[in-house]
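For reference, the structure discussed in these notes is given below.
The values are calculated or read from the model by the stated rules, or taken from the named source; none is laboratory data. None of the values given here were measured: they were computed from a predicted structure. Note that each Cβ is placed from the backbone with ideal geometry, even for glycine, and that neighbours are counted across all protein chains shown.
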Amino acid sequence: MKRLITAIIFLLASVAICLTGYAICLSKLNNINDALGKATYVAKTQDKENTINCAKVIEDEWKKSSRVLYALLLHTDINEIDKNIKMLDFFAKSEDFDEFEKVCEESIVISNRIITSQKATIENIL
């Protein structure tokens, strides 16, 4: 009986850890997606100063979130977003609004793919 109880406790702990990690990742990635969505909108107005400000906001949000995301997720996925976010400032300052918008949208797609792949399923938990 003790073995069964121990197994159930470990299973519940695994589920709790999985759900906590997913909630943290979801929160961090949604914050980044919100900032990227706003930046995409601002880039369509072709306002250089606001686009540069949005790039800085995204970079700050990324700096706050990346340490946790690197700890919880595959580095290959996170590296793509990191590379894109680092390019945003350059595109904003060079007034390449189309490329800025494209990179923001690409980062949103990658982020959404990560969110989908991290959903709590039996395969991910076990």
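Just a few scattered comments:
- Search result, residues across the stretch 69-125 that are β-branched (Val, Ile, Thr) and not in a helix (DSSP H, G or I): 121
- Residues that are exposed (fewer than 15 other Cβ atoms within 10 Å of the Cβ) and either of a type in the set (Val, Ile, Thr) or within 19 Å of the chain's Cα centre (by Cα) (or both) within the stretch 33-53 comprise 34, 37, 41, 45, listed in sequence order.
- Tally of residues being over 13 Å from residue 95 (Cβ atoms) and in contact with a helix residue (DSSP H, G or I) (Cβ under 7 Å, 6 or more places away or on another chain) across the stretch 43-55: 2
- Complete set of residues in the stretch 45-68 that are outside any helix (DSSP H, G or I) and in contact (Cβ under 8 Å) with a residue 12 or more places away in the chain: 46
- Applying the condition of being touching a residue at least 12 places away in the same chain (Cβ under 8 Å) and of a type outside the set (A, V, I, L, M) to the stretch 87-97 and asking which residue is nearest to residue 54 (Cα to Cα) yields 89.
- Pick from the stretch 57-109, criterion among the basic types (Lys, Arg) and over 27 Å from residue 21 (Cβ atoms), ranking: surrounded by the fewest Cβ atoms within 10 Å (Cβ to Cβ): 93
- Test: residue in the stretch 85-95 that is of a type in the set (Asp, Glu), over 13 Å from residue 28 (Cβ atoms) and touching a helix residue (DSSP H, G or I) at 6+ places or on another chain (Cβ under 9 Å): yes
- For residue 5, the test of being surrounded by 11 or more Cβ atoms within 10 Å (Cβ to Cβ) and not polar (S, T, N, Q) is failed.
- Picking from residues in the stretch 25-58 that are among the acidic types (Asp, Glu) and more than 16 Å from residue 108 (Cβ to Cβ), the one that is modelled with the lowest pLDDT is 47.
- Residue pairs meeting the criteria (Cβ under 9 Å; at least 6 apart or on separate chains; first more than 20 Å from residue 36 (Cα to Cα), in the stretch 111-122; second among the hydroxyl-bearing types (Ser, Thr, Tyr)): 118/22; 119/22; 120/22
- Positions within the stretch 1-28 being touching a residue at least 12 places away in the same chain (Cβ under 8 Å) and farther than 16 Å from residue 114 by Cβ, in sequence order: 14, 15, 19
- Any hit, the stretch 25-37, residues being of a type in the set (A, V, I, L, M), touching a helix residue (DSSP H, G or I) at 6+ places or on another chain (Cβ under 9 Å) and not in a helix (DSSP H, G or I): no
- Selection within the stretch 61-70 - touching a helix residue (DSSP H, G or I) at 6+ places or on another chain (Cβ under 9 Å) and of a type outside the set (Ser, Thr, Tyr): 61, 62, 64, 68, 69
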